[in-house]
Amino acid sequence: MTTPSEPASIPSVTKTKDRDGLWRDTGILVGAQVASIGVLYVMPESVSGWSPKQKKNSLRNYEQNVKNPGFDNDKFYLNYILHPYWGAAYFTRARERGFDEGESFLYSTAMSTLYEFGVECFFEKPSIQDMFVTPVIGSVIGRYLFEPVRMRIKQKAERDWYDETLLVATDPTGVLSNGIEKMFGIKSQVELNYGTPAGSPRVDVMVKFQLH
């Protein structure tokens with residue numbers, strides 16, 4: 001029992017890692033990366049930064065580009081708004097699958113690297129600043145902005161439309177993944193383990209459920 005001078009014990013919550021689910025998410029993200037390149041391909045050079053010559057010789061230039069990373073001259077909003085946003089989205093997706101902060105940072109780094117040395121490399125050199133900005137700043141945003149916002153929303157008894165909008169905006173891949181899992185009847189199993197902090201009476205509860 002706590003007294004007025006003692007802070008109440010807050011139980012810790014841990015989730016098991018849904019590795020299969022994260023692999024499915026990765027497939028969706030790779031597909032989204034390919035789609036984003038397709039969109040940029042049809043955009044004018046003022047937006048994509050790719051000249052008609054670069055587009056025409058994309059296959060021929062891949063080997064040369066992948067070996068020569070460099071600093072790009074993309075628009076500010078591409079490098080310092082969209083890239084950190086997707087870095088935060090990658091981080092959040094791994095966190096939602098039960099991975100810890102360090103693992104989620106590594107996942108964000110891996111997805112960013114895959115994009116830079118993968119589909120984008122057909123048109124331009126891997127961007128040195130993007131490989132730093134996307135996972136590093138993105139993971140900071142994911143941890144200290146996206147995660148607290150999502151936690152507060154999930155704790156609400158009732159959600160407004162803007163709560164649902166924020167959940168989608170902070171984890172767009174999760175929305176697509178959940179939709180695909182429902183479409184194909186895939187059940188993602190999640191285990192939550194609740195435990196009281198050290199020094200408190202030992203009470204451990206495991207809640208196991210399936211997402212349909």
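The values are calculated or read from the model by the stated rules, or taken from the named source; none is laboratory data. Everything numeric here is computed off the predicted structure, so don't read it as measured data. Please note: Cβ atoms are built from the backbone with ideal geometry, for glycine as well, and neighbour counts cover all protein chains shown. To get the accessible areas, we keep the full protein, side chains included, count just its heavy atoms, and leave off ligands, DNA and RNA. Shrake-Rupley method; radii C 1.70, N 1.55, O 1.52, S 1.80 Å.
The residues listed here are ASP171, ASP163; of these, the one that is modelled with pLDDT of 95 or more, more than 21 Å from ASP100 (Cα to Cα) and either touching a Gly at 6+ places or on another chain (Cβ under 6 Å) or of a type in the set (D, E, K, R) (or both) is ASP163.
Tallying residues that are surrounded by 12 or more Cβ atoms within 10 Å (Cβ to Cβ) and free of Cβ contacts under 8 Å to residues at least 24 places away in the same chain within region 141-163 yields 4.
Count, please, the residues in region 14-47 that happen to be over 18 Å from GLU116 (Cα atoms) and either assigned to a helix (DSSP H, G or I) or open to solvent by 60 Å² or more (accessible area, probe 1.4 Å) (or both). Steps first, please.
Of region 14-47, the ones over 18 Å from GLU116 (Cα atoms) are 14-25, 42-46.
After this cut, where a residue has to be either assigned to a helix (DSSP H, G or I) or open to solvent by 60 Å² or more (accessible area, probe 1.4 Å) (or both) as well, the list is 14-15, 17, 19-25, 42-46.
So the answer is 15.
May I ask you to list the residues in region 48-57 that are touching a residue at least 24 places away in the same chain (Cβ under 8 Å) and closer than 19 Å to PHE71 by Cα? Talk me through it step by step, then tell me what you get.
Filtering region 48-57 down to residues touching a residue at least 24 places away in the same chain (Cβ under 8 Å) leaves 48-50, 54-55.
Across region 48-57, the qualifying residues are SER48, GLY49, TRP50, GLN54.
Here is the figure for region 51-60: residues that are of a type outside the set (Lys, Arg) and either assigned to a loop (DSSP other than H, G, I, E, B) or surrounded by 11 or more Cβ atoms within 10 Å (Cβ to Cβ) (or both) total 4.
Residues are listed down the side, and each one gets a yes or a no for (1) of a type outside the set (S, T, N, Q); (2) open to solvent by 70 Å² or more (accessible area, probe 1.4 Å):
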position: GLY49; (1), (2): yes, no
position: TYR62; (1), (2): yes, no
position: PRO69; (1), (2): yes, no
position: LYS75; (1), (2): yes, yes
position: GLY87; (1), (2): yes, no
position: GLU96; (1), (2): yes, no
position: SER108; (1), (2): no, no
position: PHE117; (1), (2): yes, no
